[in-house]
Structures are given as C-alpha cells and as structure tokens.
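Student: Input: one structure, supplied below.
None of the figures in this text is laboratory data; all of them are computed from the coordinates on show. Not measured: the values here are computed from a predicted model. Cβ coordinates were reconstructed from backbone atoms using ideal geometry, including for glycine residues, and neighbour counts include every protein chain displayed.
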Amino acid sequence: MAWIESHQGTDRHPKTRKLCRKLGISTPAAVGHLHMFWWWAMDFAQDGDISRYGPDDIADAIEWDGDSVQLYTALVEAGFIDETEAGREIHDWYAYAGRLIERRAADAERKRNSRSGKKSVPPPSIGSPPDVQRTGEGQRTESIRDLNPNPNPNPNPNHNHNQYKDKDYCPEPPPAGQDDPPPSGKGKKPDKYDPDNTYYKMAVYFKGKVDEMAKGEGIEHLTARSNMQTWADDFRKLVELDKQSDTRLIQDVMDWVVKDNFWCRNVLSAESFRKQFGKLVLAMRKPDRQSRPAGRSDKQSIDIVQDQEPAPEVSQEEYEELLRLAERMESGKGEQR
C-alpha cells in the first residue's frame, strides 16, 4: 500500500492558511482535504497531471460539499494547483512523487524481465543501509551506491531542479513509499465506443453544449480536455444502470442545464450530469413564476383573507346589465353635481 509523508509545517504554511481564507474553513479541515487530494492523485493522477479532471471530480475526490468551482479556484490561487499552457498539474508533484513513480517503473521492469527470463537487480529498499564490500585483506570498502541519495529525485527532464529551492517550496504532498506495481500493459486498449455508438454521440453532443457555455462564461480551461470514452460510459450507466431510458428527456436536460445560472457551472462533465440527473430534472420542471399582467405591480400580492368558496360565474347578460347599472349611477351623480 502506498503512503505519503505528512510534513509538520503543512498546517502553518501560508498557502494552507490562504486556502482556509478562500474557502472559509478551519486549518484541520484544510489539511484533511489536502491529504485526501494527494492520496487520490497517487491512484488517478500519478504523474501529477490533472488536466483530464474537472472541479467536480476533485470535489468528489476530497468529499467537498460546497461549490466545486470555488474549491478549484481556491486551490489554484493558494498555489496547490498550477495552470500551465500544457494543462493543469499539482504544484511540485514531481519533487515529492518522483521516487514513487521511479519505483513503480522499476518494479514493472523487474517483473517484465522476470517473465522474459532476464535477471534483474532489484532497486535498493528505501531506508536500507548501503551495500558494504570487502577487499582481499578483509578491509571494508563503501559500495558504489550513493551514500546520500536524493530523497526527492526529479524524473521529469522538463522540470527545473532549482525551482524546488525557492522559498515558496511547500512541504505539501510528499509521497513515496512502497507500492504494488500496476499491472503491466500490452498497449493501448481499444476504444469501447466508436463514433457511431449512441452513447458516444450523446457524449459528443453534451460536450459541444458545455464547451459553448464555458467559452461564453470564460471558463473554457475547465473543460478543455475530456475523455469522450469516459463520457460515453457515463451516459451508458445513466441509461442502463440508472434506468433513464427516455433519451428525449436526457437531451432536454442537456439543453437546459447549460443555460441555468446555477447548474451551468456545477455540471461540466458527463459524470456530474449523471450524478445530478434527478435534481436537474426536478429543477428543469419547476414551474416558472407567472408572468406579470399588464398594468400590475411587480410586487407579489398577499391575500389577507382567502376565499373559502370560488366566486360565482357571471353570464354575459348579467355582465351587460351591471355595465348599464353603472352608467345610470354615474349619470345620476353627474346630475346631482
């Protein structure tokens, strides 16, 4: 099982305090959410690249009950997520997770060599003493291994090693213990949904709606990278597992959700669409406020006394008689004046 170091200064670091202010939460809550964020990344974003995940995904990962966009924005402004031209990544992730990534790669390579009959030398265990060799005279000589290995190697050649010496270097995620290696792959898995698949077409349709809305709201960076295979699978689950077989209703909700002031920013993926589908249907079907009749005030009228019985209907003849009576009364008042 993988593990991460938990640095003593995380709770007092200015970045953590800034996150508390942005979200209005306590320091213990912030530290807990951050650790859940890093634990989740070790399984689902091992290279630190979270471009394929949206605010809803991160909110679900750390069990955040508030606004997912507010959470994401706070993590960016506090410095825990970096937005680059290439996408979005966890700040300084390679400085902390590099050892874990290298170990997983070494373990996978060792297993491949074992299956192919090649003899491989296992990497040194973390925390083990260096090898000791002896000369012909029985004198000890130090191994060629580094006696003081860098505990946080940086396997990514595109990253600048000196950046981690900056004063903003925060002891935030630091993983890297021992972990079972992932199963060795045999190439990219074929796509499960082809472009002619109904669920894939639903995914493409909704993605187009979301992208158009995001561009108008200025949040297109949150929806830039999406996996249409994953989106198609979420729509399959919505139809087959959740028994939402009314595809016309699903399309109506797709068209509506991107126009709603609240839900448009909270449903940015097929996963969140499926998760909130019941609430979206209820919100869409909620009757709008009745239009204001001409000449009336915008203020809502309040009935002081509610009629117990409906008013009797008036026939056309009775209505005309009432008009004539009103005219005679008005004429009589004029003569009295």
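Student: Can you classify the range 198-285 as rounded, prolate or oblate using the Cα gyration tensor, where a ≥ b ≥ c are the square roots of its eigenvalues, rounded means a/c under 1.5, and otherwise it's prolate if a/b beats b/c and oblate if not?
Tutor: Here the range 198-285 falls in the oblate category.
Student: Using the Cα centre of the range 198-285 as the reference point, and only Cβ charges (+1 on K/R, -1 on D/E), how large is the resulting charge dipole? Debye, rounded to the nearest 20. Working shown, then result.
Tutor: Working: 15 positive and 13 negative charges, 23 e Å.
Charge dipole, the range 198-285, about its Cα centre: 100 debye, nearest 20.
Student: Enumerate by residue number the GluC sites (Glu not before Pro) in the range 6-108 meeting two conditions: DSSP loop (anything except H, G, I, E, B), and at most 13 other Cβ atoms within 10 Å of the site's Cβ.
Tutor: Of the GluC sites (Glu not before Pro), the ones in loops of the range 6-108 whose Cβ has at most 13 other Cβ atoms within 10 Å are GLU63, GLU85.
Student: For the range 198-285, what is the relative contact order in percent, using Cα pairs closer than 8 Å and at least 6 residues apart in sequence? Show your work: numbers first, answer last.
Tutor: Values: 64 pairs, mean separation 30.5, N = 88.
Relative contact order of the range 198-285: 35 percent.
Student: OK, next. Find how much the distance from GLU330 to ARG248 grows on full extension, using 0.36 nm per residue of separation minus their present alpha carbon separation; answer in nm with one decimal. Don't skip to the answer; put the middle values down first.
Tutor: Values: separation 82, 0.36 × 82 = 29.52 nm, distance 5.94 nm.
The span from GLU330 to ARG248 would gain 23.6 nm if fully extended.
Student: Can you compute the modelled spin-label distance between LYS237 and ALA108, with each label point 7 Å from Cα toward Cβ, in nm?
Tutor: Placing both labels 7 Å along Cα→Cβ, they lie 2.4 nm apart.
Student: Counting other beta carbons within 10 Å of each Cβ, put THR223, THR27 in order, fewest first.
Tutor: So the residues, fewest neighbours to most, are THR27, THR223.
Student: Next question, about the same structure. Using 1/(1 + (r/R0)^6) with R0 = 51 angstrom and r between the beta carbons of LYS201 and SER116, what's the FRET efficiency to the nearest 0.05?
Tutor: For LYS201 and SER116, the calculated efficiency is 0.75.
Student: Take the alpha carbon gyration tensor of the range 1-54, find the square roots of its eigenvalues, order them as a ≥ b ≥ c, and report rounded if a/c is under 1.5; if not, report prolate when a/b exceeds b/c, else oblate.
Tutor: Because a/c hits 1.5 or more and a/b fails to exceed b/c, the range 1-54 counts as oblate.
Student: Something else now. Efficiency by 1/(1 + (r/R0)^6): what FRET value for GLU212 and GLU318, r their Cβ-Cβ distance, R0 = 51 Å, to the nearest 0.05?
Tutor: That pair, GLU212 with GLU318, gives E of 0.35.
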